[in-house]
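The values are calculated or read from the model by the stated rules, or taken from the named source; none is laboratory data. What you are looking at is a predicted structure, and each value in this text was computed from that prediction instead of being measured. Neighbour counts run over all protein chains shown; Cβ positions are idealised from the backbone, glycine included. These area figures cover heavy atoms from the full protein model, side chains too; ligands, DNA and RNA do not enter into them. Shrake-Rupley method; radii C 1.70, N 1.55, O 1.52, S 1.80 Å.
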Number of protein chains: 2
Amino acid sequence: MQHKNFKNIDKVVFGRGSFSMLSDIIAPVRKENKNYFVFVIDAYFKGKELVKRIPALPEDLVLFEDVDAHEPTTQQIDALRNTILAQKGLPSGIVGIGGGSIMDIAKATALMLTNEGSSTQYQGLNLIKKPGVYHLGIPTISGTGAECSSTAVLTGPVKKLGLKCEWTVFNQVILDPELIASVPNDWWFHTGMDTYIHCIESENGTLNNAFSHAYAEQALSLCRDVFLNEQSGRSAQNDDKLMVASLMGGLSLSYSEVGVCHALSYGLSKILDYRHCYANCVAFQHLEDVYPQGVQEFKKMVAKHKIVLPQHLAEEWSEDILTKMAEVAYNLPHMWHQAFGEAWKEKVSLLYIKDLYKRL
Amino acid sequence: MQHKNFKNIDKVVFGRGSFSMLSDIIAPVRKENKNYFVFVIDAYFKGKELVKRIPALPEDLVLFEDVDAHEPTTQQIDALRNTILAQKGLPSGIVGIGGGSIMDIAKATALMLTNEGSSTQYQGLNLIKKPGVYHLGIPTISGTGAECSSTAVLTGPVKKLGLKCEWTVFNQVILDPELIASVPNDWWFHTGMDTYIHCIESENGTLNNAFSHAYAEQALSLCRDVFLNEQSGRSAQNDDKLMVASLMGGLSLSYSEVGVCHALSYGLSKILDYRHCYANCVAFQHLEDVYPQGVQEFKKMVAKHKIVLPQHLAEEWSEDILTKMAEVAYNLPHMWHQAFGEAWKEKVSLLYIKDLYKRL
């Protein structure tokens, strides 16, 4: 009998204002590794107040990464790694400050600083050869669960697939709900829905067990508080809840898996450069036959927060684009297995997936 | 702004039958540390089926510890450490198989194998000087949260207090719900109630935050499924739930704290050798003024499972015993602070605590 043996984040701080503990937290790592630190920050924060609070020393490297245009790519990670090593050699550690993309960039770069060659050759499970440098994540938007996952999802020339191993997991995460207060409303919603969809796919899948179920159930309850119930909407209390929901949704996936929506979403990101959480929302609204209750509730939340999701997108898509997206999605067997069980190929074909895309 | 920076269990397996993964899990540790393993097992399992499944090699040390008579003591840990070192030197690691006491014994022994002198000198926060050896916990009864806590509670000549630091936390935990199926009914109930009481004390305390609240809320919901709702009672499904509840209750405490019931319970254990979870139940039933809803619900669960808790115990206790217990309880300021806030001394005195004990 084999079950997953999952690696936890080593250490976690949760609390309002905890960002200010960053300097103290990395001090012993600086001392032990006797080297500089890299801070990788979402370019969105350039010139903003948060940047002034980053405890960078003169020898540290502060890098802003633009993550608006596309999901993190293998090319981007390789370039970042080369820049860091060329400029200052191996750092003591790397701190990522931003959303899911920055979390993945920090995790992937930490690994690639010590593993030779291109990151494309490590896309998959347990292909990484050596532990990376110390890496610390500070989410500034909540929902992706990237703060606790053992994968750093990268889009490569051939596939969108993560560097997945236990060394990917952060050594430290700082969860400061104050940091997510100023997220633009659409992003707040789309990213929060990533957690909601994680839980729906986790619960309605063949791998769900008491562990993943307990986490999903609680994360769903928190999502309802944040996005659906009477006290829903933007508030300090709901920022606290959303940050915990994102973590718990991610932990639910440690035993379960995502499903149909994420498979479609990966195709949209790989072929059309849709951002992950947005792509999820675009696809999820049309999956009522697969996740009936989840999609119904999702639509209530969309309506409640006056979110406009695009319709009739597929009308613009050529057969070639549809085929390419379907191929990306089909090549995620773990997601189809989660959704439909071992015999998923009886139901799922390229044609079936193309038909799903045509609903969008 | 300071928040707790809590250390997670490094790795966790959850699932029915996962006990059989033990051999594979420790194989790389054997290889890396090039030494034998110690297995510390609750003496309850002597001659039982489970012992035959322990993957001990000829060079390993298999030790049965009797934990029925009293809580783990500093003397017991020192003796165990001395025995192990005298017989075979420093091991590659230590595996604890049993309830909360065995979890604490495994954690404390792992630390004391590398820290000189008596464990009494390390009772408290961050007094341990060096990381211990690799330690792995396999709970065979659920509720104490000892599988995830950063403390190994020991009763010493002067105080009942844990060896508390991040090195205390297990490197690995195997959560196999099949192992708790045969727990005697009273123990199943008393130990399960430890989680329930953790959550009530966590929720009704000054340190509670969104993180501890989310964990407590879900653990309470699981406790209700196991002990109160229509499907409550002994079943495979409820064993799954109880094992997750115990973990989540323990994680709730990572940000919060226990309160009045645990303070009283420590006095009962230190002075009268009451077992921890039983002592909690004995005390909790009389704390309706402090935890009104919690105690009411607790009593429903006691009635539902026909558990008999002793009454009028205090009639047999001398003033001297009452004073001694009150002194033990009073010297747990973090618990009183959690229950009543910074000004707890305005409410809580030796007299107040003695009056609480007189209710028992």
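Here is how the numbers come out for the structure above:
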{"quantity": "Cα gyration tensor category, rounded, prolate or oblate, for the range B:33-129 with a/c compared to 1.5", "calculated": "oblate"}
{"quantity": "Using distinct alpha-carbon pairs, which all enter the 1/r mean, Kirkwood radius of the range A:185-358 in Å", "calculated": "16.2"}
{"quantity": "Top positive-direction residue, dipole computed over chain B with Cβ charges, set B:58, B:110, B:73", "calculated": "B:58"}
{"quantity": "Amide H within-cut-off set for residue A:62, under 5 Å, with H built and near neighbours excluded", "calculated": "A:39"}
{"quantity": "Buried solvent-accessible surface, both chains (B, A), 1.4 Å probe, Å² to nearest 100", "calculated": "3200"}
{"quantity": "Dipole magnitude of the protein assembly as shown, debye to nearest 20 (Cβ charges: Lys/Arg +1, Asp/Glu -1, about Cα centre)", "calculated": "1040"}
{"quantity": "Debye, to nearest 20: dipole size of the range A:204-312, +1 on Lys, Arg Cβ, -1 on Asp, Glu Cβ", "calculated": "300"}
{"quantity": "Relative packing of peptides B:172-184, B:284-296 - highest average C-beta neighbours within 10 Å first", "calculated": "B:172-184, B:284-296"}
{"quantity": "The range A:273-360 shape via C-alpha gyration tensor axes, a/c threshold 1.5", "calculated": "oblate"}
{"quantity": "The range A:1-151 - accessible surface per residue (Å², probe 1.4 Å)", "calculated": "39"}
{"quantity": "Centre separation in Å (Cα based) which lies between the range A:296-347 and the range A:24-61", "calculated": "39"}
{"quantity": "Cα gyration tensor shape of chain B, rounded if a/c is under 1.5, else prolate or oblate by comparing a/b with b/c", "calculated": "prolate"}
{"quantity": "Descending semi-axes in whole angstrom, ellipsoid equivalent of the range A:123-191, from the Cα gyration tensor", "calculated": "26, 17, 7"}
{"quantity": "Length released on extending from residue B:316 to residue B:62, taking residue separation times 0.36 nm less the Cα-Cα span", "calculated": "87.3 nm"}
{"quantity": "Over the protein assembly as shown: Kirkwood hydrodynamic radius from C-alpha pairwise inverse distances, Å", "calculated": "26.7"}
{"quantity": "Label point 7 Å beyond Cα along the C-beta direction, distances from residue B:85 to other copies (nm, shortest first)", "calculated": "4.4"}
{"quantity": "Phi to ³J(HN,Hα) by Karplus 6.51 cos²θ - 1.76 cosθ + 1.60 over the range B:285-294, Hz, x for Gly, Pro", "calculated": "4, 9, 10, 4, 6, 8, 10, x, 5, x"}
{"quantity": "Using a 7 Å Cα-to-Cβ projection, residue B:304 label spacings across copies, nm, ascending", "calculated": "2.9"}
{"quantity": "Sites residue A:83 and residue A:118, calculated FRET efficiency, Cβ-Cβ separation with R0 22 Å, nearest 0.05", "calculated": "0.90"}
{"quantity": "Average beta carbon contacts from partner chains per residue of B:208-218, 10 Å cutoff", "calculated": "6"}
{"quantity": "Surface accessible to a 1.4 Å probe, per residue, for the residues of the range A:185-358, Å²", "calculated": "38"}
{"quantity": "Spin-label proximity, residue B:273 to the range B:72-95 - amide N less than 19 Å from point 7 Å beyond Cα toward beta carbon", "calculated": "B:72-80"}
{"quantity": "Neighbouring partner chain Cβ atoms per residue of B:7-20, average, 10 Å criterion", "calculated": "6"}
{"quantity": "Spin-label model distance (nm) - residue A:308 vs residue B:69, 7 Å beyond Cα toward Cβ", "calculated": "7.7"}
{"quantity": "Cβ-placed point charges (K, R +1; D, E -1), dipole of the range B:152-218 about Cα centre in debye, nearest 20", "calculated": "380"}
{"quantity": "Dipole axis of chain A (+1 Lys, Arg; -1 Asp, Glu on Cβ), positive-most option in A:261, A:137, A:205", "calculated": "A:137"}
{"quantity": "Inter-copy label distances at residue B:158 (7 Å, Cα→Cβ; nm, one decimal)", "calculated": "6.5"}
{"quantity": "Within-14-Å neighbourhood charge of residue B:2 [Cβ basis; K, R +1; D, E -1]", "calculated": "0"}
{"quantity": "When the range A:11-180 is reduced to its Cα atoms, the Kirkwood hydrodynamic radius in Å", "calculated": "15.7"}
{"quantity": "Structure-based [θ]222 nm, the protein assembly as shown - -39500 (n - 2.57) summed over DSSP H runs of at least 4, per residue, nearest 500", "calculated": "-14000 deg cm²/dmol"}
{"quantity": "Label-to-label distance, nm, for residues given as residue A:237 and residue B:347 (7 Å Cα→Cβ offset)", "calculated": "2.2"}
{"quantity": "Protein accessible area in chain A, 1.4 Å probe - carbon and sulfur %", "calculated": "52"}
{"quantity": "5 angstrom amide H check on residue A:154, placed H, neighbours 5+ away", "calculated": "A:161, A:162, A:163"}
{"quantity": "Relative contact order (percent, whole number), chain A, Cα cutoff 8 Å, 6+ residue spacing", "calculated": "16"}
